[in-house]
Amino acid sequence: MDACSVLDTALTTAVDAARAGGAVLAATDRTRVDVTRKDARVDVTTSADLASQAAVVRVLQGAFPEHVVVGEEGTEPGSDGDHVWYVDGLDGTSNFTHAIPWYCVSVALRCRGEVVAGAVYDPVHDELWAAGRGRGATGNGVPLRVAATDGLARAVVVSQIQSSDAERIAEFVAMFERLMNAAGGVRFVGAPALILSHIAAGHLTAYVERAMPPWDISAGQLILEEAGGRLTDLAGVRPAGADVTDVVASNGAVHDELLAVLGS
């Protein structure tokens, strides 16, 4: 079964799965969720993450029982290792727990390492971002295109970190300072999949974050690239697999300038 033969069904399934996870989040009383810390202070997961991922997995396995599903909250094995779904049932967990309305569900299919279908759903604003490889990207059915901003001095850039490690925080602060001195504005908002979707829609210009896992960026990378944007590591190399990677994402026009600032 090659990538093209499953693309139509995969895209429909990604959308249905993302909406299913979003419905769970929308129905959840955030004041009653169980919260577990993954590090000393800032990285958390909740019972809502688990419930949303479970809803997503049910949809995916209903359509593709042989596919592998890799989620932030655990992996579901399958007999077809060439087709792997990457799922974040709640991207922006800290925002969710504090009632900050910026979080989403992210679902993407990688065929032999390359993302071919993806969906990101924001249940707060009922916004559905989706893309199929070679078929463009949409936001609630409307074609997406990145912003035409052609200079970093006019760009709004997101950069962030989720760590309680003092050394990593110091490195981030130095990078954030470089961006503040070069960009038109810098934000720290959480939810990488949602950030990438908003760059695709032209609302933001760029995004930088270190060591991102595939469930955070797979769907967003596809949506961004299909909208005309670019995503690389800090060396300017496009990640073509599912390894953890540093991320520099942009509308394309400011990408090289952004890389130069980050490398300075």
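The values are calculated or read from the model by the stated rules, or taken from the named source; none is laboratory data. Only a predicted model underlies this, so the values are computations on that prediction, with no experimental measurement involved. As a convention, Cβ positions derive from the backbone with ideal geometry for all residues, glycine included, and neighbour counts pool all protein chains shown.
What's the total number of residues in the range 150-164 that are in a loop (DSSP other than H, G, I, E, B) and either under 16 Å from Met212 (Cβ atoms) or not acidic (Asp, Glu) (or both)?
So the count comes out to 7.
Pick out, from the range 176-264, the helices (runs of 4 or more DSSP H) lying fully within it that include 1 or more residues that are of a type in the set (Gly, Ala, Ser) and closer than 18 Å to Gly151 by Cα.
192-200, 255-262
Quick grid of which residues meet (1) in the same structural domain as Arg238 (by TED's automatic domain parsing); (2) more than 13 Å from the chain's Cα centre (by Cα); (3) closer than 13 Å to Ser52 by Cα; (4) not in a loop (DSSP other than H, G, I, E, B):
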site	(1), (2), (3), (4)
Val84	no, yes, no, yes
Gly89	no, no, yes, yes
Phe96	no, yes, yes, yes
Trp102	no, no, no, no
Val105	no, no, yes, yes
Ala119	no, no, no, yes
Trp129	no, no, no, yes
Arg135	no, yes, no, no
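What is the residue count in the range 84-115 for residues that are within 22 Å of Val68 (Cβ to Cβ), among the hydrophobic types (A, V, I, L, M, F, W, C) and surrounded by 24 or more Cβ atoms within 10 Å (Cβ to Cβ)?
Counting residues in the range 84-115 that are within 22 Å of Val68 (Cβ to Cβ), among the hydrophobic types (A, V, I, L, M, F, W, C) and surrounded by 24 or more Cβ atoms within 10 Å (Cβ to Cβ) gives 8.
Considering each residue of the range 48-79, count those that are surrounded by 14 or more Cβ atoms within 10 Å (Cβ to Cβ) and either more than 21 Å from the chain's Cα centre (by Cα) or in a helix (DSSP H, G or I) (or both), and give that number.
Number of matching residues: 16.
So, Asp49, is that one modelled with pLDDT under 95, of a type outside the set (Val, Ile, Thr) and within 21 Å of Pro213 (Cβ to Cβ) or not?
Answer is no for this residue.
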